[in-house]
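Every number in this text was worked out from the coordinates using simple rules, so none of it is lab data. The structure presented is a predicted model; accordingly, all values stated were derived computationally and were not measured. Counting neighbours? That spans all protein chains shown, and the Cβs are built from the backbone with ideal geometry, glycine included.
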Amino acid sequence: MSDVLARVQAEMAAAAPDAALSHGVLVLPVAPAQLLEVVKRLKTGFGFDLFLDVTAVDWPGAPLRFEVVYHFYSTRDFVRVRVKTRVAEQDPTVDSLVPLYNSARFMERECHDMYGIVFRGNADLRPILLYEGFVGHPLRKDYPKRKEQPLVPYREGGS
Amino acid sequence: MTAPAKTIPIVRAEPSRAFEFISTKKDELIGWARKFSLFPYPFVTACCAMEFMAVSSTPYDTDRFGAALPRFSPRQSDLLMVVGTITHKQAPVLLKVYEQMCEPKWVMAFGACATSGGFYQNYAALDGIDKIIPVDVYIPGCPPRPETVIDGIMQLQERIARQQHPILTKEF
Ligand code: SF4
């Protein structure tokens, strides 16, 4: 493990006791309440200045159904960390990272489109890849595979 | 005294009266003209675009079939080439472009995605453009080889040559 990641792991031991290295990426599972604080520390204290992505994983049947996954990169030390947090289906809400990274504005919209995660503090969660009027969240495991929501009525018959 | 310069005499021959008229059918004549002046509107959305570039530029050159001058206004074009995946989000745009084209107009579904949705069978992709607009020629392949596209253009040309070309339409 690189020096930086070892220092991150040591410092985050309280917030992320289960931190581990996975294929060269330090994985930090944290509670939703601590997310903003941990990410802020990563950005200001360790130079993780590039917010790469936010996505989610759907675990149907698990008590905390959605795992929200963030990736950060340090352009100073060339290392990555992955931060994970879990939320329940009834209230899939996490804090928005917009105060820390402006690019979160768009990436959180996509995650909201696809999984229905609500980002508290992101004022603009309009559809970005989907369209107005689309019902449901297509990357959730319970979205029917062949369910389509056409915007244009189909022609009779075919060509 | 200098000799007068030699000039070449201009001979005004009487024009021949042979082959001054030909007889043909109106539909054949117009069909022949139209099939060699297809102005395509490339509606290019996905990876098939690479093959579209290959087929429309030098080595294959759709200009040999009179179909190389892309018009980026639907009002000036005759052939809507739908090249690539059409998503449900894009479908209204495609329909609008089709409706803006003036008659006569033809539609080509270029590649598996435009023909049937290809391997995309999910919430996002339209299962073939013929769900929303009529299609005249389908080109198979993912992406199609340039030869396949040229074959498609030639089949469309044959179809145009055999079509009726009314000069006065009902609305006119
Ligand atoms: S048919 Fe194949 S190459 Fe063409 S747009 Fe679809 S996926 Fe891409």
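Summary of computed values
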| read-out | value |
| --- | --- |
| Number of positions in segment B:141-160 that are surrounded by fewer than 16 Cβ atoms within 10 Å (Cβ to Cβ) and more than 14 Å from the ligand (Cβ to nearest atom) | 6 |
| Condition met for residue B:52 (among the aromatic types (Phe, Trp, Tyr) and more than 16 Å from the ligand (Cβ to nearest atom)) | no |
| Positions within segment B:117-147 being within 20 Å of residue B:97 (Cβ to Cβ) and not in a loop (DSSP other than H, G, I, E, B), in sequence order | B:125, B:129, B:130, B:131, B:137, B:138, B:139 |
| Residues that are more than 27 Å from residue A:21 (Cα to Cα) and basic (Lys, Arg), drawn from segment A:76-113 | A:105, A:109 |
| Selection count, segment B:110-136, where residues are under 23 Å from the mean Cα position of the chain (by Cα) and either more than 15 Å from the ligand (Cβ to nearest atom) or within 9 Å of chain A (Cβ to nearest Cβ) (or both) | 8 |
| Selected residue [farther than 20 Å from residue B:158 by Cα, more than 16 Å from the ligand (Cβ to nearest atom) and not β-branched (Val, Ile, Thr)] from B:17, B:64 | B:17 |
| Filter result for residue B:167 (more than 16 Å from the ligand (Cβ to nearest atom), assigned to a helix (DSSP H, G or I) and either among the small types (Gly, Ala, Ser) or out of contact with any Lys or Arg (no Cβ under 6 Å at 6 or more places or on another chain) (or both)) | no |
| Meets criteria (over 19 Å from residue A:152 (Cβ atoms) and either among the hydrophobic types (A, V, I, L, M, F, W, C) or surrounded by fewer than 20 Cβ atoms within 10 Å (Cβ to Cβ) (or both)) for residue B:60 | yes |
| Selected residue (only one of B:42, B:70 is under 29 Å from residue B:118 (Cβ atoms), outside any loop (DSSP other than H, G, I, E, B) and either within 16 Å of the ligand (Cβ to nearest atom) or free of Cβ contacts under 8 Å to residues at least 60 places away in the same chain (or both)) | B:42 |
| Residue in segment B:79-109 that is farthest from the other protein chains (Cβ to nearest Cβ), counting only those that are within 13 Å of the ligand (Cβ to nearest atom), touching a Phe, Trp or Tyr at 6+ places or on another chain (Cβ under 7 Å) and under 24 Å from residue A:129 (Cα atoms) | B:83 |
| Residue list for segment B:97-117, filter: farther than 20 Å from residue B:156 by Cβ and out of contact with any strand residue (DSSP E or B) (no Cβ under 8 Å at 6 or more places or on another chain) | B:99, B:100 |
| Only listed residue being free of Cβ contacts under 8 Å to residues at least 60 places away in the same chain, among the hydrophobic types (A, V, I, L, M, F, W, C) and under 20 Å from residue A:139 (Cα atoms), chosen from A:88, A:20 | A:88 |
| Condition check for residue B:49: in contact (Cβ under 8 Å) with a residue 60 or more places away in the chain and surrounded by 15 or more Cβ atoms within 10 Å (Cβ to Cβ) | no |
| Set A:118, A:69: member being among the β-branched types (Val, Ile, Thr) and either surrounded by fewer than 16 Cβ atoms within 10 Å (Cβ to Cβ) or in contact (Cβ under 8 Å) with a residue 24 or more places away in the chain (or both) | A:118 |
